[in-house]
Amino acid sequence: MENKLTLDIQGSGQKLKFCVKRIFNAGYAGVNQEKVQEHIDELAKLGVETPVTIPTLYPVANQLATYSDSFQVQHNETSGEIEYVLIWSNNEMYVTVGSDHTDRKLESFSVPMSKQACPNILAREVWKFEEVKDHWNQIELTCWIRSNDKEELYQKGTCGDLMSPKELIENFEKMKIDQDGHVFYSGTIGTVGSSLAYGDEYVIEMNDPVLNRVIKHQYKLEFLPKEIG
């Protein structure tokens, strides 16, 4: 399936138009392995199988990438995961913020299948990676959840908490994966609380404190009715 996206290169007045060839979702890609293990233990309580290798790359269908501000889900046990997103186009790399929204019920049966059940959200704006690479670890990632007219901080960290783009590129080269037209979701940071939470709306933000700029996106969930019959 062809999936063409048009993004704004923030501050330049230029557009990034590209066709998504493949998407890769990284899992368990945190730098702090103790935090990664906490996340694994958190998921294990939900019945999620322990990963064989860390980090893990999950290829998902190219049509899942979207900057829509709403989408439908089967039930209320799905949740977002804030991530940095890398996009390769015409031999240049761009970065934005996204959410690997995941079906938690399905995740206990199959992690790869749960990745296919919901869209891979990304913001409509991007930065050129060259502009942020020298202060990459300082870029902040923050996610809020809204539910019943209340907002709560859900995740907060930095890109330095996750596997770096340099490590990613090295992994791609080892696997002989062509980068052009590919979208990579970094894996997520830990939650502020001690467990996963669910909401009706998610707000994700990537803040560059050095260049004083922000990329922000929010999306709502619409819950489908139960089977009819």
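The table below gives the values:
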read-out	value
Region 74-229, accessible surface, carbon-and-sulfur percent (1.4 angstrom probe)	46
Peptide ranges 146-156, 122-132, 74-84 listed from the most packed, as the mean C-beta count within 10 angstrom indicates	74-84, 122-132, 146-156
Cα gyration tensor, region 85-155 - rounded (a/c under 1.5), prolate or oblate	oblate
Inverse of mean 1/r across different Cα pairs in region 70-229, Kirkwood, Å	16.6
Residues Val73 and Lys4, FRET efficiency given R0 of 35 Å [Cβ-Cβ distance, rounded to 0.05]	0.90
Residue pairs, from the table Lys115/Lys226; Lys105/Lys150; Lys21/Lys226; Lys17/Lys105; Lys17/Lys150; Lys133/Lys220, whose Cα atoms sit over 28 Å apart	Lys21/Lys226; Lys17/Lys105; Lys17/Lys150; Lys133/Lys220
Ordering of 201-208, 182-189 by burial proxy (mean other Cβ atoms within 10 Å per residue, highest first)	182-189, 201-208
Pairwise FRET efficiency - Lys220 versus Asn91, Cβ, R0 = 35 Å, nearest 0.05	0.45
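The values are calculated or read from the model by the stated rules, or taken from the named source; none is laboratory data. What you see is a predicted model, and the numbers here were worked out from it, not measured in a lab. Ideal geometry is used to build each Cβ from the backbone, glycine not excepted, and the neighbour counts take in all protein chains shown. SASA here: full protein model, heavy atoms, side chains in, ligands and nucleic acids out. Shrake-Rupley method; radii C 1.70, N 1.55, O 1.52, S 1.80 Å.
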